[in-house]
1. Which one of these does E66 not meet: (1) under 28 Å from T12 (Cα atoms); (2) of a type in the set (D, E, K, R); (3) touching a residue at least 12 places away in the same chain (Cβ under 8 Å)?
2. Out of the residues in the range 67-79 that are surrounded by 17 or more Cβ atoms within 10 Å (Cβ to Cβ) and part of a strand (DSSP E or B), which is nearest to the chain's Cα centre (by Cα)?
3. Under 28 Å from K6 (Cα atoms), out of contact with any Leu (no Cβ under 7 Å at 6 or more places or on another chain) and of a type outside the set (S, T, Y), is that true of G67?
4. Residues to consider are E37, E17, E3, E23; find the one that is modelled with pLDDT under 95, in a helix (DSSP H, G or I) and within 23 Å of E121 (Cβ to Cβ).
5. Looking at E15 and the list (1) closer than 14 Å to A108 by Cα; (2) surrounded by 12 or more Cβ atoms within 10 Å (Cβ to Cβ), which single condition is not satisfied?
6. Scanning the range 86-122 for residues that are out of contact with any Asp or Glu (no Cβ under 9 Å at 6 or more places or on another chain) and over 23 Å from R13 (Cα atoms), which turns out surrounded by the most Cβ atoms within 10 Å (Cβ to Cβ)?
7. Take the range 24-66 and flag every residue that is charged (D, E, K, R), loosely packed, with under 13 Cβ neighbours inside 10 Å and under 19 Å from Y114 (Cβ atoms).
8. For the range 83-102: of the residues being of a type in the set (G, A, S) and within 13 Å of the chain's Cα centre (by Cα), which is nearest to I116 (Cα to Cα)?
Amino acid sequence: MTEIEKDEARETRIEEEIIADAEDAVERALGWHQYLEKKIKFPFKARCILKRSISPLEPGEEITIEGIGPQEECMHEIFVIGRWMDRHIAVPLYQLEALNGDHDTHQAITDWLYWIARGYEI
């Protein structure tokens, strides 16, 4: 994994807004799910930036993301639901970059990408 520089402002936001009262992995997962569900405005276009064995997407492919996966499916990793090749699929949010969307959408997604890139876990 590529090392990413620590971003104090982002660290503070994550600590204070997302996982503030989380005492364990379940509470961290719920905090992330609620934050992303609240901040991301769906639908938005995204591009695959990382090949994952659990996803059919290849780097460079685009997908329309229509929602976040159910909480019970996002206890270890955040999944989003998208429309791809005339069907709905769930893919890891970490696999994607937003191509459009408002400021909150971009911030929320890059917060999640940062969290994972820093090696943090739910």
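1. Single failed check for E66: (1).
2. Filtering first and then ranking leaves F79.
3. No, not satisfied.
4. Sole residue among the options that is modelled with pLDDT under 95, in a helix (DSSP H, G or I) and within 23 Å of E121 (Cβ to Cβ): E17.
5. (2)
6. V91
7. K38 - this is the single residue of the range 24-66 that is charged (D, E, K, R), loosely packed, with under 13 Cβ neighbours inside 10 Å and under 19 Å from Y114 (Cβ atoms).
8. The extreme case among them is A98.
The values are calculated or read from the model by the stated rules, or taken from the named source; none is laboratory data. Not measured: the values here are computed from a predicted model. So basically every Cβ, Gly included, is an ideal-geometry build from the backbone, and we count neighbours across all protein chains shown.
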